[in-house]
Amino acid sequence: LFAIQVNNKTHFISNSTSILNSHISNFIARNKHATRAILEKYNYPNIPYLVPKTLQEVELFLNQHTELIAKPIIGSKSRNVQFITKIETAAKLTLKNFIFEKYIHGKEVRYFVCNDKVLGVFEKVHEGPLSHKIIQRISYPTSAWNEELMTKSLSLCKLVSLRFAAVDWMIDAENTAYVLEINSSPGMKRMQKPDKGTGIDVFKLFLE
């Protein structure tokens, strides 16, 4: 935790959490069930999901989609995320703590939003399908930004009152895009210095 003073007014910052985002917007972004429920209610491109009460519900969902991802309802950085192809794997989990999503094969693209503007688009190349370790972060030139995803990212951040955020999209082989998650505390280092492409002075933007 540290403080900065601007025009004799003190502002507190903890890591990448600040007054830019409200308590409720941080909660929505952190809670995967809350995120999915809002996406569903307002007709954003949502990944099919299940918050089960019984293992039988999970088995029916698995039979329907073949491959699932089980995520802690409240979690980050792919910790305790499970790839589910057999009901026996799901049976080992405490179901009330997990949300199950259809596994989408594709590429992950992040739209960085600050003060109602998209300021950068990055592809995240992971070490593996369940790894939070990013091998490469590739910054897209503005000519490659998708107008529809820009518009939806901005409207989603506005809906949940996020001023500094990232909307992660999963784009499948048919070029269909799904909201993977909303991040209210996006990692800034790899946006500042991506592996390929032009970076953003995101630390300066955040402090300003």
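Tabulated data
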item: Under 15 Å, Cβ to Cβ, from Ile28 - net charge with Lys/Arg +1 and Asp/Glu -1; result: +3
item: Fraction of the pair-distance distribution of the stretch 101-176 above 14 Å, Cα-Cα pairs, percent; result: 62 percent
item: Surrounding net charge for Leu55, when Lys and Arg each add one and Asp and Glu each subtract one, Cβ distance under 13 Å; result: +1
item: Candidate lysines - alpha carbon under 26 Å from Lys196, same-chain residues fewer than 8 apart omitted; result: Lys77, Lys107, Lys117, Lys124, Lys133, Lys152, Lys204
item: Rg [Å, one decimal], Dmax [Å, integer] - the chain, C-alpha atoms; result: 17.8, 60
item: Global geometry of the stretch 68-115, whether rounded, prolate or oblate, following the gyration tensor of its Cα atoms and the 1.5 cut on a/c; result: oblate
item: Per-residue [θ]222 nm for the chain (sum of -39500 (n - 2.57) over DSSP H runs n ≥ 4, rounded to 500); result: -7500 deg cm²/dmol
item: Total charge dipole magnitude, the chain, about the Cα centre, Cβ charges on Lys, Arg, Asp, Glu only, Debye to nearest 20; result: 700 debye
item: Surrounding net charge for Thr17, when Lys and Arg each add one and Asp and Glu each subtract one, Cβ distance under 13 Å; result: +2
item: Exposed-loop-free span, longest in the chain, where trypsin sites (Lys or Arg not before Pro) count as exposed if DSSP calls them loop and at most 15 other C-beta atoms lie within 10 Å; result: 134-208
item: Rounded tilt (10° steps) of 147-159 against the dominant C-alpha axis of the chain; result: 90 degrees
item: At q = 0.25 Å⁻¹, base-10 log of I(q)/I(0) for the stretch 132-208 (Debye sum, equal scatterers on each alpha carbon); result: -1.54
item: Computed magnitude of the charge dipole of the stretch 45-108 (debye, nearest 20; Cβ of K, R +1, Cβ of D, E -1); result: 260 debye
item: Low-density loop cleavage sites - chymotrypsin sites (Phe, Trp or Tyr not before Pro) in the stretch 1-60, where at most 14 other Cβ are within 10 Å (DSSP); result: Tyr42
item: Loop-located GluC sites (Glu not before Pro) in the stretch 18-87, at most 14 other Cβ atoms within 10 Å (DSSP); result: Glu67
item: Estimated dipole of the stretch 32-139 in Debye, rounded to 20 [Cβ of Lys and Arg +1, of Asp and Glu -1, Cα centre]; result: 340 debye
item: Per-residue SASA entry for His33, accessible area with 1.4 Å probe, Å² rounded to 10; result: 70 Å²
item: Coil-residue chymotrypsin sites (Phe, Trp or Tyr not before Pro) of the stretch 127-208, DSSP, other Cβ within 10 Å capped at 16; result: Trp145
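The values are calculated or read from the model by the stated rules, or taken from the named source; none is laboratory data. Because the structure is predicted, anything quoted here is derived from the model rather than measured. For neighbour counting, all protein chains shown are included, and Cβ atoms are generated from backbone atoms with ideal geometry for every residue, glycine included. Surface accessibility is based on the protein's heavy atoms, side chains included, excluding ligands, DNA and RNA. Shrake-Rupley method; radii C 1.70, N 1.55, O 1.52, S 1.80 Å.
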